[in-house]
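A quick write-up on the structure given underneath.
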Amino acid sequence: MEDTITIAILATIFLGAFFDAWLVTCLFVFGEAVFLLAGGLAYTSGSFLPILAAYGGAYAADQCSYGMGRFSRRSFRRFALKTARRRRIIRQAGALLEKRGIVMIAASRFMGPIAWITPPLAGNLSMPYSRFSLGSLIGVVLGVGQFLVLGWVGAYSAERGGFDPKTFLETHFWTLFIGGQCLLLSLALLWRLITSLRRPDPAGTG
């Protein structure tokens, strides 16, 4: 890859990982596609820069979310308490934070929407930054790492099967990135529609 393309791709991986974990944008950006591509690029290029970009973006997002919760408490609480679903997630995450601390921060990476709310909630509850940053580091390494490994293994397997993943990823990176985001967003919207249709009728008439 040319240097300019490499820089653009690394920046995209970093920002994709960041916006996937940042509370403000997490509903619209899906890091799974970014991490898979980063793992594949790490294998085909023989460089760890895509992996570092993915880890760096995800970890930086956690730190920014923690700061947002700690230094913008009123704004965060207005956002968090706006809907019953958010209030329920806040209660669950808050209770687990009080009991588990570092373990909860790390494990939240595997808990869907709770992963987005936990870093700002930790800041809002004045959890010591040293404990938060350690839990965040563990969670990012494990949570992001699983998709990086899958991407690496996928590229390795493709090459073993006679396919040229290096040329394919270099040529179609942007198509795969945008297509992955659109696909995951469509699946998320479909899941939201299905779950809303399954909700019981509050009046008991359905």
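The values are calculated or read from the model by the stated rules, or taken from the named source; none is laboratory data. Bear in mind the structure is a predicted one, so any value in this text is a computation, not a measurement. Glycine also receives a Cβ, built like all others from the backbone with ideal geometry; neighbour counts cover every protein chain displayed. To get the accessible areas, we keep the full protein, side chains included, count just its heavy atoms, and leave off ligands, DNA and RNA. Shrake-Rupley method; radii C 1.70, N 1.55, O 1.52, S 1.80 Å.
Number of residues in the range 105-135 that are over 16 Å from A61 (Cα atoms) and of a type in the set (K, R) equals 1.
When E170 is tested against the conditions (1) under 23 Å from A21 (Cα atoms); (2) touching a Ser or Thr at 6+ places or on another chain (Cβ under 9 Å), the lone failure is (1). The combined condition, being surrounded by 20 or more Cβ atoms within 10 Å (Cβ to Cβ), among the aromatic types (F, W, Y) and farther than 16 Å from F18 by Cβ, is fulfilled by F76.
Residues that are surrounded by fewer than 15 Cβ atoms within 10 Å (Cβ to Cβ), in contact with a Phe, Trp or Tyr (Cβ under 9 Å, 6 or more places away or on another chain) and among the aliphatic types (A, V, I, L, M) within the range 151-184 comprise V153, L183, listed in sequence order.
The set of residues in the range 85-116 that are charged (D, E, K, R), over 17 Å from G69 (Cα atoms) and at pLDDT below 80 comprises R85, R88, K99, R100.
For the range 62-73, the condition holds for no residue, the condition being that it is modelled with pLDDT of 85 or more, loosely packed, with under 15 Cβ neighbours inside 10 Å and farther than 17 Å from L23 by Cβ.
For the range 137-150, enumerate the residues that are buried (at least 19 other Cβ atoms within 10 Å of the Cβ) and more than 17 Å from A53 (Cβ to Cβ). The one that is buried (at least 19 other Cβ atoms within 10 Å of the Cβ) and more than 17 Å from A53 (Cβ to Cβ): G139. Checking each residue in the range 160-196 for being hydroxyl-bearing (S, T, Y) and either over 30 Å from G46 (Cα atoms) or touching a helix residue (DSSP H, G or I) at 6+ places or on another chain (Cβ under 9 Å) (or both) picks out T167, S186, T195, S196.
Residues in the range 21-59 that are open to solvent by 30 Å² or more (accessible area, probe 1.4 Å), without any contact (Cβ under 8 Å) to a residue 60 or more places away in the chain and of a type in the set (G, A, S): G46, S47.
For the range 109-131, the set of residues classified as in contact with a helix residue (DSSP H, G or I) (Cβ under 7 Å, 6 or more places away or on another chain), open to solvent by less than 70 Å² (accessible area, probe 1.4 Å) and farther than 22 Å from R78 by Cβ consists of R109 only.
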